[in-house]
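To start, the structure itself, in structure tokens.
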Amino acid sequence: MSTPIDLTPNIIRTTRTISSTSHSVVVHAFFVNTKDNTQCVPVAVKAIKFESPEEVTGATNRLIREAQIWLKLQHPNIVGFLGSCSFPHSRLRQSTAIVSEFCPNGCVMDYLEANPEVLRITLITGIAQGLEYLHSKDIIHGDLTPANVLVKGDGVAAIGDFGRSKVVGRKGHTTMKKGTIRYSSPEAWAIGSTAALSRGSDVYSFAVVSTEVLTGKLPFYTIPNDIQMQAHIREHKTMLSRTDYMEIEERHWEILKPAWNYYAEERPLMSELAPCLTELVQPAVISSP
């Protein structure tokens with residue numbers, strides 16, 4: 001099994017926090033070439049949060065499993081994995097952290113807020129191509145949300161954070177955290193379980209994330225409470241309403257619509273979706289000024 005390169009001697013942390021959740025923190029840092037101190041590249045460092053020394057081993061093991069999935073991935077629409085490093089905690093001993101490519105434009109919705117003129121279909125096509133690549137490697141992302149789609153310096157969308165990912169046919173997953181309900185498929189709502197995670201559940205997440213990217217509206221934004229949203233979907237077996245997302249072009253809607261089907265077995269594969277979106281984007285990009 002591959003082992004991440006230890007970059008601890010090369011990492012200089014800054015005081016900037018890129019993102020923070022109840023499960024993890026991502027901070028800004030620099031990679032410095034210690035041989036000549038001439039190369040100084042911004043990077044992102046992710047560490048798992050824990051409250052007691054007893055949690056360190058479990059958190060470290062989960063992060064190592066995440067790293068072992070991530071380090072094998074190389075694709076323009078996947079955030080680049082660089083290695084690992086030691087991460088100091090103020091009250092506890094050192095733990096392992098993941099070092100990855102720094103995406104200066106932040107998450108996709110922040111990028112769109114700062115750049116509203118961007119061709120949004122190009123962004124979701126990039127997400128589709130990244131997810132298609134993951135599935136070709138038998139990897140289920142398991143937690144595709146707008147927060148986990150970052151935008152590189154050149155405006156390319158890239159999927160990151162493999163903390164809930166798993167390899168098809170292999171027992172176990174990388175962390176115990178539950179996926180974000182609003183972007184999770186109905187079959188993946190079981191608390192603390194990844195048994196239901198599949199290519200189909202990723203496809204559902206892709207479809208609802210794409211809807212938000214295209215419109216700026218949350219999935220099921222007319223039902224603000226997650227529990228009520230789940231109850232509504234379970235009762236009616238209905239998905240997103242066309243009248244709530246009229247901003248989406250009809251041709252784009254028709255491609256995405258089958259992907260948020262209530263039943264996983266009726267959703268298309270990413271290998272079917274990605275080429276359809278790519279065909280739409282290529283002429284649009286060529287004709288853009």
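The values are calculated or read from the model by the stated rules, or taken from the named source; none is laboratory data. Computed from a prediction, not measured in an experiment: that's the story for all the values here. Virtual Cβ from ideal backbone geometry, glycine too; neighbours counted across all protein chains shown.
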Among (1) within 18 Å of K166 (Cα to Cα); (2) at pLDDT below 95; (3) under 16 Å from the mean Cα position of the chain (by Cα); (4) not acidic (D, E), the one test that F81 misses: (2)
Tally of residues being within 8 Å of the chain's Cα centre (by Cα) and either among the small types (G, A, S) or in a strand (DSSP E or B) (or both) across segment 130-149: 2
V79 in contact with a Gly (Cβ under 6 Å, 6 or more places away or on another chain) and crowded, with 20+ Cβ neighbours inside 10 Å: yes
The one condition in (1) loosely packed, with under 12 Cβ neighbours inside 10 Å; (2) within 24 Å of V118 (Cβ to Cβ); (3) touching a residue at least 24 places away in the same chain (Cβ under 8 Å) that S205 fails to fulfil: (1)
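Conditions (1) in contact with a strand residue (DSSP E or B) (Cβ under 7 Å, 6 or more places away or on another chain); (2) among the β-branched types (V, I, T); (3) touching a residue at least 12 places away in the same chain (Cβ under 8 Å); (4) more than 24 Å from V149 (Cβ to Cβ), marked per residue:
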| residue | (1), (2), (3), (4) |
| --- | --- |
| V32 | yes, yes, yes, yes |
| K35 | no, no, no, yes |
| K46 | yes, no, yes, no |
| E66 | yes, no, yes, no |
Segment 115-169 - residue that is farther than 22 Å from G200 by Cβ and of a type in the set (D, E) and, of those, surrounded by the most Cβ atoms within 10 Å (Cβ to Cβ): D154
Residue among I248, I255 that is at pLDDT 95 or above, outside any loop (DSSP other than H, G, I, E, B), in contact with a Leu (Cβ under 8 Å, 6 or more places away or on another chain) and under 25 Å from A274 (Cβ atoms): I255
